[in-house]
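The values are calculated or read from the model by the stated rules, or taken from the named source; none is laboratory data. Model, not experiment: these values are computed from the prediction. Ideal geometry is used to build each Cβ from the backbone, glycine not excepted, and the neighbour counts take in all protein chains shown. Just so you know, the surface numbers come from the protein's heavy atoms only, side chains and all, with ligands and any DNA or RNA stripped out. Shrake-Rupley method; radii C 1.70, N 1.55, O 1.52, S 1.80 Å.
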Amino acid sequence: MNPIYLAQDPTLADFGRDPWWLVLGKIVFAFAFGLLATLLGVWFERRVVGYMQVRPGPNQVGPFGLLQTLADGLKMAFKEDILPKAADKVVYFFAPTISVICAVTALSVVPFGPMVSIFGHHTPLQVTDVPVAVLLLLACSSMGVYGIVLGGWASGSTYPLLGGLRSSAQMISYEVAMGLSIVAVFMTAGTMSTSGIVAAQGDGTQLTILGQTIPAPGWYAILLLPSFVIFFIATVGETNRAPFDLPEAESELVAGFMTEYSSLKFALFMLSEYVAMVTMSAVTTTLFLGGWRAPWPITIWEGANSGWWPMLWFFGKVIALVFVFVWLRGTLPRLRYDQFMRLGWKVLLPINLVWILVLSGLRSIEGWDTRGKVIAVGIPAGILLIATIFWPSRKPTPTPTTQEQVDNRPYGSFPLPPMDLQVPPSPRITRVVAEREPANIVAGSDSREV
């Protein structure tokens with residue numbers, strides 16, 4: 001096999017030519033990747049969080065505790081399945097499967113590697129690709145939330161219903177930010193095909209500044225840094241991961257939308273969360289981290305992006321992003337619901353719109369001369385700088401003293417401890433405790449203690 005051919009990026013014309021057994025093999029591989037990554041992801045999260053909390057984590061079942069997740073899955077599968085009396089039986093049964101199917105389906109358009117040879121057939125390491133593959137990813141992400149909403153509604157209980165309603169609001173808030181962050185990728189790559197986006201990140205970008213051509217990295221995580229940050233925050237919110245796990249908040253909703261689920265249905269909901277986490281990590285790798293292409297010092301080797309080696313770089317990037325998911329869960333507390341909504345609508349959305357406007361302006365002046373570019377960029381930047389300097393600032397509200405805060409407490413508040421750390425005498429004691437000189441008086445029959 002010619003290594004130059006193997007290093008080529010697949011195009012849309014390379015799909016739809018595989019025999020049926022090869023297509024079936026790709027589908028089984030994508031499903032097995034999602035399932036195996038989920039099993040190892042649960043173990044990985046428990047081990048990493050255990051390391052952060054200075055405890056061993058699972059280490060008894062199997063080598064290094066690798067079979068602990070499998071044992072937990074078998075235990076949940078054979079537990080008693082309890083069906084609430086007020087539940088809608090059909091929707092209650094299908095809700096967990098909707099979440100799992102949507103999360104796994106998204107892997108069908110994720111490229112795992114370049115063109116390879118499998119039993120003499122030249123085929124891309126990807127199940128399929130379409131001109132609007134990224135829209136399919138967004139659709140799968142949106143449909144996955146319906147499993148949570150329907151599961152909360154079909155349980156016929158209050159806490160699952162609240163969790164489902166929170167999930168619907170979460171979908172509306174963060175789907176908008178996620179979709180807008182991908183617009184910058186479309187504008188830069190010029191395509192919505194996932195294999196085309198990976199190919200567009202293969203060559204380094206050449207930036208022309210003041211007449212000088214400067215080579216820049218090809219990864220969109222660097223070129224489109226605001227879009228990358230906003231997209232990753234939105235993926236954390238879409239996958240219900242901490243600190244955005246509001247639909248299943250144990251502190252106020254017991255377990256949220258899955259409160260009334262047990263046995264295998266509960267396991268499917270938990271499985272869908274980890275499959276979605278792995279899937280969104282793979283999507284983030286594809287859109288912003290160069291996909292299956294090797295990072296920089298490895299690219300010095302000419303065969304780094306040929307053959308089966310790119311699968312190793314792809315899996316390494318996915319594991320790194322999964323670690324970030326676990327890192328967030330082990331370090332950040334859960335947000336309040338109003339903070340969660342404010343972040344989506346008042347922070348991420350305006351920043352995304354401004355960034356897209358700036359990027360559109362920069363791309364529209366690419367063909368201008370140097371003087372025109374300096375004028376087009378310098379004048380808005382100067383106006384923005386002057387507006388920032390002279391923008392009226394709010395006067396800081398004076399912080400009341402401790403005594404003022406105590407005096408302004410409403411009537412009937414809980415008692416406060418002493419501010420001077422001096423414990424006053426208890427009112428129940430009738431004896432006066434004070435320093436006094438001993439009295440030299442002979443005690444009589446009518447004397448009493450004071």
How many residues are farther than 27 Å from Leu246 by Cβ and assigned to a loop (DSSP other than H, G, I, E, B) if we restrict to the range 331-376?
-> 5
Residues satisfying the stated conditions in the range 345-375, i.e. polar (S, T, N, Q) and surrounded by fewer than 12 Cβ atoms within 10 Å (Cβ to Cβ) = Ser364
Within the range 228-264, which residues are buried (at least 20 other Cβ atoms within 10 Å of the Cβ), more than 8 Å from the chain's Cα centre (by Cα) and not in a loop (DSSP other than H, G, I, E, B)?
-> Phe228, Ile230, Phe231, Leu246, Pro247, Glu248, Leu253, Gly256, Phe257, Met258
Report, by residue number, each residue of the range 218-227 that is hydrophobic (A, V, I, L, M, F, W, C), in contact (Cβ under 8 Å) with a residue 24 or more places away in the chain and part of a helix (DSSP H, G or I).
-> Ala221, Leu223
Which number in (1) surrounded by fewer than 17 Cβ atoms within 10 Å (Cβ to Cβ); (2) assigned to a helix (DSSP H, G or I); (3) within 25 Å of the chain's Cα centre (by Cα) marks the one condition that Ala106 misses?
-> (1)
The one condition Phe94 fails out of (1) within 27 Å of the chain's Cα centre (by Cα); (2) under 20 Å from Ser263 (Cα atoms); (3) open to solvent by 60 Å² or more (accessible area, probe 1.4 Å); (4) free of Cβ contacts under 8 Å to residues at least 40 places away in the same chain is (4)
Test set (1) touching a helix residue (DSSP H, G or I) at 6+ places or on another chain (Cβ under 8 Å); (2) under 19 Å from Glu175 (Cα atoms); (3) modelled with pLDDT of 80 or more - Ala242 fails condition number = (3)
Considering only the range 386-416, state which residues are open to solvent by less than 90 Å² (accessible area, probe 1.4 Å) and either of a type in the set (Gly, Ala, Ser) or in contact with a helix residue (DSSP H, G or I) (Cβ under 6 Å, 6 or more places away or on another chain) (or both).
-> Ala387, Gly412, Ser413
For Ser195, which of the numbered conditions (1) surrounded by 16 or more Cβ atoms within 10 Å (Cβ to Cβ); (2) over 26 Å from Ala13 (Cβ atoms); (3) in contact (Cβ under 8 Å) with a residue 60 or more places away in the chain fails to hold?
-> (2)
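Would you be able to tell me the number of residues in the range 265-284 that are within 20 Å of the chain's Cα centre (by Cα) and open to solvent by 30 Å² or more (accessible area, probe 1.4 Å)?
Pass one, the range 265-284, residues within 20 Å of the chain's Cα centre (by Cα): 268-284.
From what is left, the residues that are open to solvent by 30 Å² or more (accessible area, probe 1.4 Å) are 268, 270-271.
Adding up the residues that qualify gives 3.
Among the polar types (S, T, N, Q), in a helix (DSSP H, G or I), under 17 Å from the mean Cα position of the chain (by Cα) and at pLDDT 80 or above: is that true of Gln405 in this structure?
On the way: among the polar types (S, T, N, Q): yes; in a helix (DSSP H, G or I): yes; under 17 Å from the mean Cα position of the chain (by Cα): no; at pLDDT 80 or above: yes.
Here the answer is no, as Gln405 does not meet what is asked.
Just checking: which of the helices (runs of 4 or more DSSP H) contained wholly in the range 1-101 hold 3 or more residues that are modelled with pLDDT of 85 or more? Walk me through how you get there before you give the answer.
On the way: elements: 3-6, 20-52, 68-77.
So the answer is 20-52, 68-77.
Residue-by-condition table, conditions (1) of a type outside the set (A, V, I, L, M, F, W, C); (2) under 26 Å from Gly156 (Cα atoms); (3) modelled with pLDDT of 85 or more:
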site: Leu246; (1), (2), (3): no, yes, no
site: Ser251; (1), (2), (3): yes, yes, no
site: Phe257; (1), (2), (3): no, yes, no
site: Val278; (1), (2), (3): no, no, yes
site: Leu287; (1), (2), (3): no, no, yes
site: Ala294; (1), (2), (3): no, no, yes
site: Pro297; (1), (2), (3): yes, no, no
site: Trp301; (1), (2), (3): no, no, no
Test set (1) under 24 Å from the mean Cα position of the chain (by Cα); (2) of a type outside the set (A, V, I, L, M, F, W, C); (3) open to solvent by 30 Å² or more (accessible area, probe 1.4 Å) - Gly57 fails condition number = (3)
Criterion violated by Ala32 - all others in (1) over 25 Å from the mean Cα position of the chain (by Cα); (2) loosely packed, with under 14 Cβ neighbours inside 10 Å satisfied | (1)
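Surrounded by fewer than 12 Cβ atoms within 10 Å (Cβ to Cβ), over 19 Å from Leu161 (Cα atoms) and either of a type in the set (A, V, I, L, M, F, W, C) or modelled with pLDDT of 75 or more (or both), is that true of Ile222? Before the answer, list the steps.
On the way: surrounded by fewer than 12 Cβ atoms within 10 Å (Cβ to Cβ): no; over 19 Å from Leu161 (Cα atoms): yes; either of a type in the set (A, V, I, L, M, F, W, C) or modelled with pLDDT of 75 or more (or both): yes.
No: the conditions fail for Ile222.
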Note on the range 7-26: residues over 20 Å from Gly307 (Cβ atoms) and surrounded by 14 or more Cβ atoms within 10 Å (Cβ to Cβ) are Leu12, Val23
Of the conditions (1) at pLDDT 85 or above; (2) crowded, with 20+ Cβ neighbours inside 10 Å, Thr128 fails just one. Which one is it?
-> (2)
Could you list, in sequence order, the residues of the range 306-322 that are within 17 Å of Asp9 (Cα to Cα) and open to solvent by less than 30 Å² (accessible area, probe 1.4 Å)?
-> Ser306, Gly307, Pro310, Met311, Phe314
